[in-house]
Amino acid sequence: MNAVVLGNGRSGQSAAELLRREGAAVTVLDGEDVWPDGASFDLCVTSPGIARDHSWQRAARARGVPVVSELQLGAERWRAKGGRMLAVTGSKGKSSVVKLVAETLCGAGGSAVPCGNYGLPLCQVVLDCPDPRAVWAVVEVSSFQMETTDLPGGAFVAAAILNLQEDHLDRHGSATVYHGLKRRLLDMAETRIDASRGWTDEAGAALLAGSYFDNPVLWSNGLCAVALLRAAGLDAAAIAAGFAAFKPLPHRMQLVHEADGVRWVDDSKATSLAALAAGVGMCVGPVRLIAGGLPKGDDPKSVIPHLRSGVKKVYLIGRCAEEFSHAWREAVPCELCGTLDRAVEAARRDAKSGETVLLSPGTASFDQFKSYGARGDMFASLARGSAGV
């Protein structure tokens, strides 16, 4: 078989290696590479960063070459070896649920690995795991991956949609397309869990008590995790133990400093306005919000009710600072700060005991930072600095 792999990041590298081990001749396209003249391919595997309208994908389809995601390639090989999978998608909280589910399965005496959009690429898990029958693959699935994934019903033992908000409109064009891609995942699962349409479970709610998920914003995500773990065969005691032991991922509503009665919370992972609204909703007491960065196409006016209900002032940074100020200034005081260090300095000047300074940008980080993690790390460093930062 002759195969072409689009993208040479982690997903592309693992897909190429898996195909080579199967005896395929593999060509990898990356960066400014062009489609090779006269080449004939039997399969095209695409990384999630390569959009459907990219010239490489267009070239493959024009030549009748099947285009599949790295996720689909890995899932097909995993299932062929007897492996079982659980899947999680949604707009906010996927990685935390995947981490919780995988750790709880391991804590109950089993074996599980987080993979997909969080953790290892699924193809890498196939390469690394000698006996998939003994391991659960807990897969975070993004809308980017779903553009080129088409697995049969029952491919996943269970799949969950946590929530559906407006996100990635710069890639998908509309919320309708974005939500439709997410919903397709349920057609590939035996047990279908859709919290975006409402999900109640009184017995499950008792298992969340006192955990990271025991709040109005993350409660439904926690119930989805309960349903996934039940589908994997765990009992209530094992599930409760997993929630009790769970430690959240960094940059997700993470308390990084507290001084003079002011809490400093890093929610840099909030890269959509819906995530910003959720972050504000999780805070207790008045909020001084640091927001802004590289916008993703969602409507800044959509979060005005949340700003009015809990935010005393917004400190704006990044490329969209003026756009957000124009949308929000009649609802909440806004200060154009430009950079994160200036925003932290201004918030420190204004903050009073009992308030929270929240970095919940509502945007991507790439206008000023290499990643949301780098943005959150700088915020934490600045927050812990002296009053003269």
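Of note:
- Only one residue of VAL262, GLY292, VAL226 has its Cα farthest out toward the positive end of the dipole of the chain, where Lys and Arg carry +1 and Asp and Glu -1 on Cβ, and that residue is VAL262.
- Counting only aspartates and glutamates at least 8 places from LYS99 when in the same chain, those with an alpha carbon closer than 14 Å to its own are GLU140.
- Estimated at the nearest 10 Å², the accessible area of TRP199 is 70 Å² with a 1.4 Å probe.
- Considering only beta bridges that DSSP places wholly inside the chain, some 10 percent are antiparallel.
- Note on LYS352: lysines with a C-alpha under 28 Å away, same-chain residues under 8 apart excluded, are LYS269, LYS301, LYS312, LYS313.
- Taking the Cα centre of the chain as reference, the dipole from Cβ charges on Lys and Arg (+1) and Asp and Glu (-1) amounts to some 320 debye.
- Among ALA270, ALA159, ALA245: highest mean-square fluctuation, GNM of the chain, C-alpha pairs under 10 Å: ALA245
- Heavy atoms of the protein chains alone define the surface here; on that basis the chain has 41 Å² accessible area per residue at 1.4 Å probe size.
- Between GLU76 and MET1, the modelled label-to-label distance comes to 0.5 nm, taking each label 7 Å out from Cα in the direction of the beta carbon.
- Considering only HIS251, SER55, LEU18, the residue lying farthest towards the positive end of the dipole of the chain is HIS251, judged by Cα position with unit charges set on Cβ.
- Largest accessible area first, the listed residues TYR178, TYR372 line up as TYR372, TYR178 when surface is computed with a 1.4 Å probe on the assembled protein chains.
- Accessible area of GLU76 in the full protein assembly, 1.4 Å probe (Å², nearest 10): 80
- Student exercise, the stretch 305-389 dipole from Lys, Arg, Asp, Glu Cβ charges, in Debye to nearest 20: 200
- In terms of accessible area, using a 1.4 Å probe and ignoring ligands and nucleic acids, HIS179, HIS172 rank largest first as HIS179, HIS172.
- Solvent-accessible area of LEU255 with every protein chain in place, 1.4 Å probe, in Å² to the nearest 10: 80
- Exposure rank, largest accessible area first [MET253, MET85, MET1; 1.4 Å]: MET1, MET253, MET85
- Placing unit charges on each Cβ (+1 for Lys and Arg, -1 for Asp and Glu) gives the chain a dipole about its Cα centre, and among GLY109, ALA278, SER309 the Cα reaching farthest toward its positive end belongs to SER309.
- Residue among ASP128, ASP267, ASP299 with the largest mean-square fluctuation in a Gaussian network model of the chain, springs linking Cα atoms under 10 Å: ASP128
- For the stretch 210-364, Kirkwood radius (reciprocal of mean inverse C-alpha pair distance, Å): 16.4
- Taking ALA225, ALA236, ALA291 as the candidate residues, the one with maximal mean-square fluctuation in a Gaussian network model of the chain, Cα springs under 10 Å, is ALA236.
- In a simple Cβ point-charge model (Lys, Arg +1; Asp, Glu -1; nothing else charged), the stretch 275-334 has a dipole of about 200 debye relative to its Cα centre.
- The fraction of accessible area contributed by carbon and sulfur in the stretch 259-389 is 49 percent, rounded to a whole number (1.4 Å probe; ligands and nucleic acids excluded).
- The stretch 1-154: C-alpha pair distances exceeding 29 Å, %: 17
- With a cut-off of 19 Å on the backbone N, the residues of the stretch 158-198 near the modelled label site 7 Å out from SER309 along Cα-Cβ are 163-166, 196-198.
- Set the Cα radius of gyration of the chain against 2.2 N^0.38 Å, with N its number of residues, and you get 1.04.
- Rounded tilt (10° steps) of 372-383 against the dominant C-alpha axis of the chain: 20
The values are calculated or read from the model by the stated rules, or taken from the named source; none is laboratory data. Computed from a prediction, not measured in an experiment: that's the story for all the values here. Methodologically, a virtual Cβ is constructed for each residue, glycine included, from the backbone with ideal geometry; neighbour enumeration extends over all protein chains shown. SASA here: full protein model, heavy atoms, side chains in, ligands and nucleic acids out. Shrake-Rupley method; radii C 1.70, N 1.55, O 1.52, S 1.80 Å.
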